[in-house]
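Sharing a structure here in structure tokens format.
Here, each number is a calculation from the coordinates, and none is a lab measurement. The shown structure was predicted, so the numbers you read here are calculated from the model rather than taken from an experiment. Using ideal geometry, Cβ is built from the backbone for each residue, glycine included, and neighbour counts are taken over all protein chains shown.
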Amino acid sequence: MLRQPFDIVHHASATPRNLVAATLAKARSFGKCVHIFTAPIQPHENDQYYQQYVTSIYRADVLAAVSHAVAEDIYAKFGRKVDAVIPSGVDLNFFAPTKSQPIDLEQLGINQPYVLFVGILTPRKRPDIFMQLASLLPHLDFVMVGGFYNGQEKQHYTEAAQAYPNLKMLGYAPRSMVRDLMAGTISLVFPSELEGLPLTVLEASAMGVPILAQPKTSMPEAIIPDVTGWMLPGDQLQLWADRLREISCWSNEQRQCFAQKARNFVAENYSWDVVAKQYGQLYVELAT
């Protein structure tokens with residue numbers, strides 16, 4: 001890093017290492033290198049890299065955000081307007097129904113139809129909502145995919161899951177397995193209360209999966225009613241259960257029609273081609 005000059009240094013995770021890299025790039029170019037930080041999530045003090053996040057916001061020459069929700073929170077909390085809102089990109093070649101592979105559900109102890117949760121099991125993701133839905137719909141299997149931030153949360157959610165016989169916890173799963181599970185699920189339930197612009201939601205939409213989420217954080221930017229899913233209040237779980245019950249009764253034609261609309265939405269707004277053009281334009285503007 002010290003031996004090579006750069007015109008632009010760009011990072012989207014606020015880690016100590018990335019901040020050091022940005023500082024070195026600045027020093028090597030005698031301050032001419034442009035430092036870009038893309039804020040990947042709404043600011044929250046429980047983030048282990050919160051201090052680095054704050055430093056990145058104040059230090060960056062150009063500040064981007066992955067969603068309008070992130071941009072609004074940054075302005076409200078730090079008084080800085082973002083220079084660009086550029087979303088996360090989805091690999092449509094990988095997350096495609098035609099690329100999915102069969103999964104041995106019997107070996108995993110999963111019965112069809114099943115509902116899916118994908119994400120770290122931590123309070124802001126609201127896995128408790130998913131678990132409560134399992135009790136309301138005992139004829140469906142509820143499958144949770146994701147790890148934990150710490151041992152305390154692992155113990156808490158693992159013990160809580162034991163109260164629901166139709167709930168399966170798979171733990172961390174590789175990207176390919178997540179895709180293949182998405183291909184077989186009737187719905188992704190994503191009740192999180194704080195995000196940036198979660199790739200899990202966009203990837204599920206690319207797979208044609210209906211999504212249920214709360215009308216919070218960046219969800220209104222990704223969940224379009226009757227196109228990619230529905231937003232429902234977190235304190236009215238019967239509405240979630242009713243929607244899941246309805247989805248479980250869809251015909252193949254209804255499912256295919258919804259899947260095509262959802263995938264088209266992602267292709268038009270969140271494909272890597274779309275995102276790359278936006279970043280390309282930003283880089284060109286900075287370089288000229």
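Over the Cα atoms of region 11-153, compute the convex hull volume and normalise it per residue, giving Å³. Please report the intermediate quantities before stating the final value.
Values: hull volume 25.2 nm³, N = 143.
Looking at region 11-153, the number lands at 176 Å³ per residue.
Also: What share of the DSSP beta bridges in the chain is antiparallel, in percent to the nearest 5?
On the way: 1 of 30 bridges.
Of those bridges, close to 5 percent are antiparallel.
If a/c stays under 1.5 just call it rounded; otherwise compare a/b with b/c (prolate if a/b is bigger, oblate if not). Do that for region 54-128, with a ≥ b ≥ c from the square roots of the Cα gyration tensor eigenvalues. Spell out each step's value before the answer.
Numbers: a/c = 3.93, a/b = 2.11, b/c = 1.86.
Prolate.
So, in nm, how far is label residue 250 from label residue 80 when the simple model puts each one 7 Å beyond its Cα toward the Cβ?
Here the modelled spin labels are 4.1 nm apart.
So, one more: Amide H to amide H under 5 Å from residue 173: which residues, 5+ apart in sequence or cross-chain, H placed 1.01 Å off N in plane?
So residue 173 has HN proximity to 146.
Given a Förster radius of 30 Å and the C-beta distance between residue 283 and residue 49 as r, what FRET efficiency does 1/(1 + (r/R0)^6) yield to the nearest 0.05? Please report the intermediate quantities before stating the final value.
On the way: r = 25 Å, r/R0 = 0.84.
Plugging the Cβ-Cβ distance into 1/(1 + (r/R0)^6) gives 0.75.
Something else: Mind pulling the per residue volume of the convex hull built on the Cα atoms of region 97-269? Å³ is fine. Intermediate results must be reported in sequence, preceding the final value.
Working: hull volume 19.0 nm³, N = 173.
Spread over its residues, the Cα hull of region 97-269 gives 110 Å³ apiece.
Also, quick follow-up: Using the Kyte-Doolittle scale, which helices in the chain average at least -1.0 and also have C-alpha atoms spread 20 Å or more along the helix axis, with helices defined as whole DSSP H runs?
On the way: long enough: 252-269 (26 Å, -1.29); 272-287 (22 Å, 0.12).
Within the chain the helices that satisfy the rule are 272-287.
Could you give the size of the charge dipole of the chain about its Cα centre, using +1 on the Cβ of each K and R and -1 on the Cβ of each D and E, expressed in debye and rounded to the nearest 20? All intermediate terms of the calculation are to be shown ahead of the outcome.
Numbers: 24 positive and 27 negative charges, 169 e Å.
Computed about the Cα centre, the dipole is about 820 debye.
Any idea what the alpha-carbon Rg over 2.2 N^0.38 Å comes to for region 101-143?
That ratio works out to 1.27.
Looking at the chain, which longest stretch skips every one of the trypsin sites (Lys or Arg not before Pro) that is in a DSSP loop with at most 12 other Cβ atoms within 10 Å, leaving the sites themselves out?
Values: sites that count: 3, 32, 81.
For trypsin sites (Lys or Arg not before Pro) (loop position, at most 12 other Cβ atoms within 10 Å), the longest site-free span of the chain is 82-288.
Taking H as built 1.01 Å from N, whose amide H comes closer than 5 Å to the amide H of residue 187, not counting residues under 5 places away?
Close amide H contacts, sequence-distant or interchain: 116.
Let me ask something additional. Kirkwood Rh and Cα-based Rg: tell me the resulting Rg over Rh for region 168-288, rounded to two decimals.
Numbers: Rg = 16.0 Å, Rh = 15.6 Å.
Ratio value, two decimals: 1.03.
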